[in-house]
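Written below as structure tokens is the structure these notes are about.
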Amino acid sequence: MDVPKDQISTLLDLGLHNSAQMLSCFLVSSPAANAETNPHLKAESLVLLGDALFREREHRRAIHTYKQALQYCKIAKQNSTTTRSSLTSNRSSSPNSFNISAINENEVKFKIASCHYALSENRQALAEMEQINKGRNLQMNILMGKLYRYSRNNRSAITCYKECLRQCPYIIEAITALAELGVSVKDIISLFPQTPNRSGRAPFDCFDSSRWLQRYVEAQCCIASNDYKGGLELFTDLLQRFPNNIHLLLETAKVEAIIGKSDEAIMNFEKARSIDPYLVTYMDEYAMLLKIKSDFSKLNKLVHDLLVTDPTRPEVFVALSVLWERKDERGALSYADKSIRIDERHIPGYIMKGNLLLTMKRPEAAVVAFRVAQELRPDIRSYQGLVHSYLSLSKIKEALYAAREAMKAMPQSAKALKLVGDVHASNSSGREKAKKFYESALRLEPGYLGAALALAELHVMEGRNGDAVTLLERYLKDWADDSLHVKLAQVFAATNMLQDALSHYQAALRINPQNEAAKKGLERLEKQMKGVDPDAPEEDEENEVEDADGDQEETDLLLSTA
């Protein structure tokens, strides 16, 4: 043979993909790989060329080349059948009569599907994979599970992921996917192989001492069922056994970010980045936290680092969206959209998009974004987004339904209770109910400042300014938080205690110089101190909701958290 195939395989193994591609061109066009006389060699040559193209990320060319290879496989099979038929009548044959292609067609179809997947052509990828009826290996089942999830065929996705764990229990992404798809801890662990090995011991006897994989399964199932407290406890236990485990640090930080433990989440994200400064996974969640803390110097550096590391990842564009929100909301929205185009299942992209649309006073579009996030994996942020969007649209019933859904999904979540309170607080007849929900949230999580601030606002709305001041000052003893100072300043300003209001606005800006509410409040206060009456706040239209069944349901849920 003019061009040795094994040399191309060696080049591919060594990562010299461009050289392999050029050498493959010689092989494909060589006389030995003539399509008429040697279709099987032609097919093998094309597969090697396709492999080189795939690894060079020339996916369109790779698809075209692999499909040509499959065509020559068919021709080789037809020729083989014809040759065998003629041999029945004539025993004489050339040495190459039975030189039938050894190409694994299922592998080629998998490679075609992988190219489509890399191009985000998930329907075409799934169509290719569904042609592989038997003999699917681990990689094939993983890809099919992902594709079925994209197509919302969850039952088939579960089947594929389960098969992965039967083949190898250490496929972490299969464990996480099954947990998110609602499979129980018991069912997942039952998939792990129990056949004794040559030593006579079961492969997972080591679990008797460590049990780390079962604990990981339990943690992911807790998170998937919104039991964030239980999940965090399990992750903490695992971190004691595997200290400085980047994956566990990131998983822990992500959950802490979702439930509002911002300081703890930032600490774990920064710890992970100190171990590996080129991390991209979940760095958009970290970016959102930095924005909440108004730490724009760190946010700028993070975005710069991400762009240098890998500018093609969806996390990078969400981080860019976070950075640009202050400067250009439309630009920020385009970055959020870009993250979704890269990965249509990237939840932070939808959360960011929904929040931007709310800020831009486009609540109808925000509802759509939050709905998609919720369908992918519901968490408190998508519920919060839906409730606030519906309230902006004065759709109180829809807001109440979404808040109650959050409370049912997360009965031990102070944030879910506060969300129901927010809906009731939106009209005057529901304020007493709102007060009960805020108080219940604070009993469940005494350090939840969001509920404390909402309850203080409710006191102000009801004319109980003294109660609001007492509540806020009590929290200030333990939490030096700029939002508490701002709320106190607003209460003092409303009661004409202007000097007290001034000191608290200044305290808020000392803690967080970027606090926009403090800046605007200070401007308003200056007008008051000059004797100018600022514009009176607009009164919300009352939108009462009568829902006897829902009221009983809420009462039951409140009692269960008491």
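The values are calculated or read from the model by the stated rules, or taken from the named source; none is laboratory data. Please read these numbers as outputs of a predicted model, since none were measured by experiment. Cβ placement follows ideal geometry from the backbone for every residue including glycine, while neighbour counts extend to all protein chains displayed. All accessible areas refer to the heavy atoms of the entire protein, side chains included, with ligands and DNA or RNA removed. Shrake-Rupley method; radii C 1.70, N 1.55, O 1.52, S 1.80 Å.
Show me the three semi-axes of the equivalent ellipsoid for the range 244-380, from the C-alpha gyration tensor (sqrt of 5 times each eigenvalue), largest first, rounded to whole Å.
Working: eigenvalues 104, 53, 39 Å².
Semi-axes, largest first: 23, 16, 14 Å.
When each of the peptides 501-509, 323-331 is scored by the mean number of other C-beta atoms lying within 10 Å of its residues, the order from highest to lowest reads 501-509, 323-331. How would you classify the range 402-497 from its alpha-carbon gyration tensor, with a ≥ b ≥ c the square roots of the eigenvalues: rounded for a/c under 1.5, else prolate if a/b is greater than b/c, otherwise oblate? Verdict is oblate for the range 402-497. Split the accessible area of the chain by element, probe 1.4 Å, and carbon with sulfur accounts for 49%. Of interest is the spacing of the C-alpha centroids, which for the range 417-434 and the range 41-77 amounts to 63 Å. Just list whichever of 229/408; 109/146; 433/487; 111/146; 338/395 have alpha carbons separated by over 19 Å in the model shown. Long pairs (Cα-Cα over 19 Å): 433/487; 338/395. Packing, as the average of other Cβ atoms within 10 Å across residues, places the peptides 20-30, 290-300 in the order 20-30, 290-300, highest first.
Taking the highest mean first, how do the peptides 43-52, 476-485, 145-154 order by number of other beta carbon atoms within 10 angstrom per residue?
Working: 43-52: 25.0, 476-485: 16.4, 145-154: 18.2.
Result, highest mean first: 43-52, 145-154, 476-485.
With a probe of 1.4 Å, find how much accessible area the chain has per residue, and write the answer as a whole number in Å². Walk me through the numbers before you get to the answer.
Values: 28560 Å² over 562 residues.
Value for the chain: 51 Å² per residue.
Surface listing: 172, 112 arranged by accessible area from highest to lowest gives 172, 112, probe 1.4 Å.
Starting from the Kirkwood Rh over alpha-carbon pairs, what translational D in µm² s⁻¹ does the chain have by Stokes-Einstein at 4 °C and 1.567 mPa s? Present the calculation step by step, with values, prior to reporting the outcome.
Values: Rh = 27.9 Å.
Once the numbers are plugged in, D ends up at 47 µm²/s.
The value of relative contact order for the chain, using C-alpha pairs under 8 Å at least six residues apart, is 5 percent.
Stokes-Einstein diffusion of the range 240-314 at 4 °C, 1.567 mPa s viscosity, Kirkwood radius from Cα pairs, rounded to a whole number: 104 µm²/s. As a ratio to 2.2 N^0.38 Å, the alpha-carbon radius of gyration computed for the range 303-428 takes the value 1.11.
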